[in-house]
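J.: After the structure tokens below, expect a handful of questions from me.
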Amino acid sequence: MQDYLVPLNEQQREAVLYTEGPLMIVAGAGSGKTKVLTTRIAHLLHLGVDSFRILALTFTNKAAREMKERIEHMLGNQEARNLYIGTFHSVFSRILRVEAERMGYPANFTIYDTEDAKSVLRTIIKDMNLDEKHYKPAYVYNRISAAKNNLFTYKEYRADFSIQQEDARSNRPLIADIFEAYSKKCFRNGAMDFDDLLVNMYIVLTNFPDVLAKYQHKFRYVMIDEYQDTNLAQYHIIKLLGALNENICVVGDDAQSIYSFRGASMENIFQFQKDYDEVKVIKLEQNYRSTRTILEAANNIINHNQNQIKKELWTDKEHGEKIKLVCTFTDNDEGKFVSDAILENKLRHHYNNRDFAILYRTNAQSRSFEESLRRSGIAYRIYGGQSFYQRKEIKDYIAYLRTLANPRDEEALRRIINYPARGIGTTTLNKISLHAQENDKTFWECLEIAHELGFKGATLTALQDFVMMIRNFQAMTEKKNAYEVAFEIGKASGLVRELHADKTPEGIGRYENIQELLNSIKEYTETPTEDGELLELSLGSYLQQITLLTDADENKDEDQNVVKLMTVHASKGLEFPCVFVVGMEENIFPSSMSLYDREDLEEERRLFYVAVTRAKEKVWVSFANNRYRFGSLIQNDPSRFIDELPLALVDNSMAQKPKSKTVFTKSNNEPAALQQKKIPTSSTNTTHVPSADFKADEPSRMEQGMKVEHQRFGFGNILTLEGPMANKVATIDFGTMGQKKIMLNYAKLRIVE
């Protein structure tokens with residue numbers, strides 16, 4: 001047996017050795033899927049498969065880099081460097097650089113990130129004299145992105161009756177026109193946004209049979225990580241690439257499908273078994289991360305979902321501590337509890353800050369935890385803040401580099417043409433832009449003939465000086481590497497001088513960020529080749545690399561000794577010894593937008609499952625009885641998902657309802673000091689204890705007027721029933737617990753005879 005096979009369990013080894021034919025690996029949380037995927041690639045190389053015949057697609061550059069490093073370590077050579085391992089976007093952009101001219105794009109096309117795309121849309125919305133407050137660029141971008149992920153062009157978008165009806169109902173009937181203008185402008189600028197990298201990859205494979213044949217023969221083995229996160233466009237591209245050999249291996253977990261809002265379709269993982277004959281399905285159910293208690297709780301949570309591939313996670317680890325259920329009076333109290341618990345566990349059990357993660361449903365919930373951590377002197381970091389490459393000074397500097405690589409890029413040109421100030425105003429830019437549109441020219445082509453457009457005096461001189469400066473920089477790229485060009489740009493353009501002159505703390509920070517950018521370019525140009533020789537990489541390749549960075553790729557300080565605060569979505573793929581899952585209240589987690597649709601509610605449950613399975617040793621689940629909103633305390637019900645934690649696995653000694661206390665709320669008419677409001681709470685200290693013979697009855701048996709029992713709210717009377725059976729909602733009066741609206745399919749009610 002090869003050494004690399006020894007550490008694998010039976011199912012992992014089976015997945016590695018099954019190399020021919022379609023294979024689906026259902027990999028539960030913490031089951032070692034990355035180990036399986038990398039070992040499988042190493043095994044193919046060991047069998048003599050050429051590295052350039054293997055394609056492995058991931059969702060982050062970080063995951064791709066880790067896979068390459070592991071394979072190198074396993075084989076003890078550098079063959080892994082020739083593998084096509086990368087994100088969908090990075091691999092497809094690499095292929096499109098070769099094939100783009102077939103579709104009329106330059107080989108050095110610009111890649112627009114999300115902010116660039118929104119900026120282009122903002123300009124188009126303004127040019128169309130539309131109200132930006134109504135046609136918000138972010139909203140329009142999301143509509144266009146969703147359409148592209150489903151392989152809709154602007155023509156198909158316009159022709160789809162249901163889409164047009166939806167836009168009309170939202171009183172935004174001109175989105176199709178904006179979509180068309182945006183598509184044409186990107187093409188004219190020689191630019192693709194992130195979604196275009198998928199759409200154009202699909203187009204080049206379907207419209208050019210020779211290209212499809214080329215890559216089908218090139219990639220004999222295709223592997224996909226996190227298959228449950230793929231969208232329709234990715235699904236079709238994968239199917240096309242794997243159609244010839246059918247040596248396609250997908251790795252994923254339907255229970256961790258949480259990105260439908262980005263266009264991901266969990267149906268892809270179910271469809272895989274229908275797309276290929278004799279698909280081999282291997283389930284990885286042994287977990288190497290969490291205690292038995294955590295896994296049993298997670299299994300119980302996800303088993304409430306109907307739409308799933310059944311599996312049962314297990315571990316050889318000890319049972320571990322029970323999950324601690326915590327109830328606080330307000331969200332501020334919840335923040336204080338968490339910081340106190342961190343301090344206590346650091347003192348008693350010698351944990352470090354880095355061992356703790358605070359996970360919440362939305363970024364807006366971070367405030368109370370930030371304040372409490374600061375007061376307690378606990379170092380922390382919020383994930384999901386502004387990316388380094390999204391900072392204004394960085395985008396300004398990179399816009400210069402983008403212009404050299406692709407002068408057709410109007411978005412970059414407009415950003416730098418008057419920064420630092422050169423006396424080229426908005427009126428001048430609008431005149432140039434209008435001439436470009438009317439004459440089907442690029443912005444740069446119009447700049448080159450500024451003397452023919454009626455510009456005179458200082459304005460004409462400024463435009464001509466700018467064009468000459470850019471041409472000089474372009475000439476430099478033929479003789480100098482990316483770092484040398486970037487350094488000269490900062491000096492000759494006056495950009496670095498302007499930043500250096502600002503001695504405010506913010507100005508100093510911006511100047512330091514520019515130095516860090518130059519350092520990253522220097523590091524990139526000094527990347528060694530396989531022979532140890534330094535490779536002077538091009539400006540275009542550097543720009544492609546940084547544009548395609550994901551949030552996960554930028555977390556360079558993940559080893560710093562800080563408590564990590566993040567949304568549950570951002571935590572996927574990470575693990576921590578201790579996890580606080582906070583804000584577990586109805587209308588927050590699950591979100592209010594998901595309460596009346598089974599599929600949406602099941603995704604929220606998968607999100608809770610992901611949160612719990614991030615933990616290795618300890619889990620706290622907390623909720624607040626009252627949460628500040630708009631200056632007032634609003635009473636909340638605990639999340640329905642809390643009921644799905646098995647009682648035997650939960651320590652609810654901290655889930656007692658806090659005693660009533662006086663709070664102050666703001667009023668439009670009276671000062672806060674004069675507005676006292678008493679918020680009552682139940683006099684009981686614990687939640688309802690279910691009857692010994694408690695067994696949930698079928699929802700179809702429930703009728704108006706019946707007396708029922710709920711595991712937590714106790715006994716109540718059904719007042720009304722609304723909606724179809726699949727999503728029937730009951731309004732139930734639980735006496736001292738008040739009236740509750742409950743979905744019958746999830747409520748687990750017992751009819752009291």
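J.: Of the residues 669, 685, only one is at pLDDT below 80, assigned to a loop (DSSP other than H, G, I, E, B) and either among the basic types (Lys, Arg) or more than 41 Å from the chain's Cα centre (by Cα) (or both); which?
T.: Being at pLDDT below 80, assigned to a loop (DSSP other than H, G, I, E, B) and either among the basic types (Lys, Arg) or more than 41 Å from the chain's Cα centre (by Cα) (or both) holds for just one of 669, 685, which is 669.
J.: Within the set of pairs 6+ apart or on separate chains, which have a first residue in segment 235-261 that is within 24 Å of residue 605 (Cβ to Cβ) and touching a residue at least 40 places away in the same chain (Cβ under 8 Å), a second that is hydrophobic (A, V, I, L, M, F, W, C) and surrounded by fewer than 19 Cβ atoms within 10 Å (Cβ to Cβ), and C-beta atoms under 9 Å apart?
T.: 253/309; 254/270; 254/309; 255/309
J.: Is there any pair with a first residue in segment 423-439 that is on the phi > 0 side of the Ramachandran plot and of a type in the set (Gly, Ala, Ser) and a second that is in a helix (DSSP H, G or I) and surrounded by fewer than 17 Cβ atoms within 10 Å (Cβ to Cβ) whose Cβ atoms are under 8 Å apart and which are 6 or more apart or on different chains, and what are they?
T.: Going by the 8 Å Cβ cut-off, the qualifying pairs are 423/458.
J.: Can you tell which of 204, 211, 199 is touching a residue at least 24 places away in the same chain (Cβ under 8 Å), out of contact with any Asp or Glu (no Cβ under 8 Å at 6 or more places or on another chain), of a type in the set (A, V, I, L, M, F, W, C) and within 24 Å of residue 99 (Cβ to Cβ)?
T.: 199
J.: For segment 162-187, how many residues meet the condition of being among the hydroxyl-bearing types (Ser, Thr, Tyr), surrounded by 14 or more Cβ atoms within 10 Å (Cβ to Cβ) and over 13 Å from residue 127 (Cβ atoms)?
T.: Matching residues across segment 162-187 total 1.
J.: Hey, another quick one. All but one of (1) in a helix (DSSP H, G or I); (2) open to solvent by 30 Å² or more (accessible area, probe 1.4 Å); (3) farther than 28 Å from residue 541 by Cα hold for residue 40; which doesn't?
T.: With respect to (1) in a helix (DSSP H, G or I); (2) open to solvent by 30 Å² or more (accessible area, probe 1.4 Å); (3) farther than 28 Å from residue 541 by Cα, residue 40 is out only on (2).
J.: Could you list, in sequence order, all residues of segment 188-209 that are buried (at least 18 other Cβ atoms within 10 Å of the Cβ) and of a type in the set (S, T, N, Q)?
T.: 189, 200 - these are the residues of segment 188-209 that are buried (at least 18 other Cβ atoms within 10 Å of the Cβ) and of a type in the set (S, T, N, Q).
J.: Look at segment 43-91 and say how many of its residues are touching a strand residue (DSSP E or B) at 6+ places or on another chain (Cβ under 8 Å) and not in a helix (DSSP H, G or I).
T.: Summing the residues that are touching a strand residue (DSSP E or B) at 6+ places or on another chain (Cβ under 8 Å) and not in a helix (DSSP H, G or I) in segment 43-91 gives 13.
J.: Only residues in segment 263-284 that are open to solvent by 40 Å² or more (accessible area, probe 1.4 Å) count as the first member; pair them with residues that are among the hydroxyl-bearing types (Ser, Thr, Tyr), Cβ under 6 angstrom, at least 6 apart or cross-chain, and list the lot.
T.: Cβ pairs passing all conditions: 280/18.
J.: Moving to a separate point now. Looking for whichever is of a type in the set (Phe, Trp, Tyr), touching a residue at least 60 places away in the same chain (Cβ under 8 Å) and in contact with a Leu (Cβ under 7 Å, 6 or more places away or on another chain) here; the options are 360, 397, 419, 351. Which one fits?
T.: Result of the check over 360, 397, 419, 351: 397.
J.: Inspect all residues belonging to segment 326-343 and state whether any of them is over 22 Å from residue 590 (Cβ atoms), open to solvent by 60 Å² or more (accessible area, probe 1.4 Å) and not basic (Lys, Arg).
T.: Yes, segment 326-343 has at least one match.
J.: Related question: So residue 33 ticks every box in (1) closer than 30 Å to residue 113 by Cα; (2) surrounded by fewer than 19 Cβ atoms within 10 Å (Cβ to Cβ); (3) among the charged types (D, E, K, R) but one. Which box is left unticked?
T.: (2)
J.: Among the residues of segment 365-380, is any among the hydroxyl-bearing types (Ser, Thr, Tyr) and either part of a strand (DSSP E or B) or on the phi > 0 side of the Ramachandran plot (or both)?
T.: yes
J.: Of all residues being in contact (Cβ under 8 Å) with a residue 24 or more places away in the chain and of a type in the set (Asp, Glu) in segment 68-107, which is nearest to residue 57 (Cα to Cα)? Just the residue, please.
T.: 79
J.: Out of the residues in segment 93-115 meeting the condition of being within 25 Å of residue 395 (Cα to Cα) and out of contact with any strand residue (DSSP E or B) (no Cβ under 9 Å at 6 or more places or on another chain), tell me which one is least open to solvent (accessible area, probe 1.4 Å).
T.: The qualifying residue least open to solvent (accessible area, probe 1.4 Å) is 106.
J.: Could you list, ordered by first residue, the pairs with Cβ atoms under 9 Å in which the first is in segment 8-22 and closer than 11 Å to residue 36 by Cα and in a loop (DSSP other than H, G, I, E, B) and the second is open to solvent by less than 10 Å² (accessible area, probe 1.4 Å) and aliphatic (A, V, I, L, M), at least 6 apart or interchain?
T.: 8/15; 8/16; 8/36; 9/284
The values are calculated or read from the model by the stated rules, or taken from the named source; none is laboratory data. Fair warning: this is a prediction, and the values are worked out from it, not measured in the lab. Positions of Cβ are backbone-derived with ideal geometry, glycine not excepted, and every protein chain shown enters the neighbour counts. Surface areas here come from the heavy atoms of the whole protein model, side chains and all, with no ligands, DNA or RNA. Shrake-Rupley method; radii C 1.70, N 1.55, O 1.52, S 1.80 Å.
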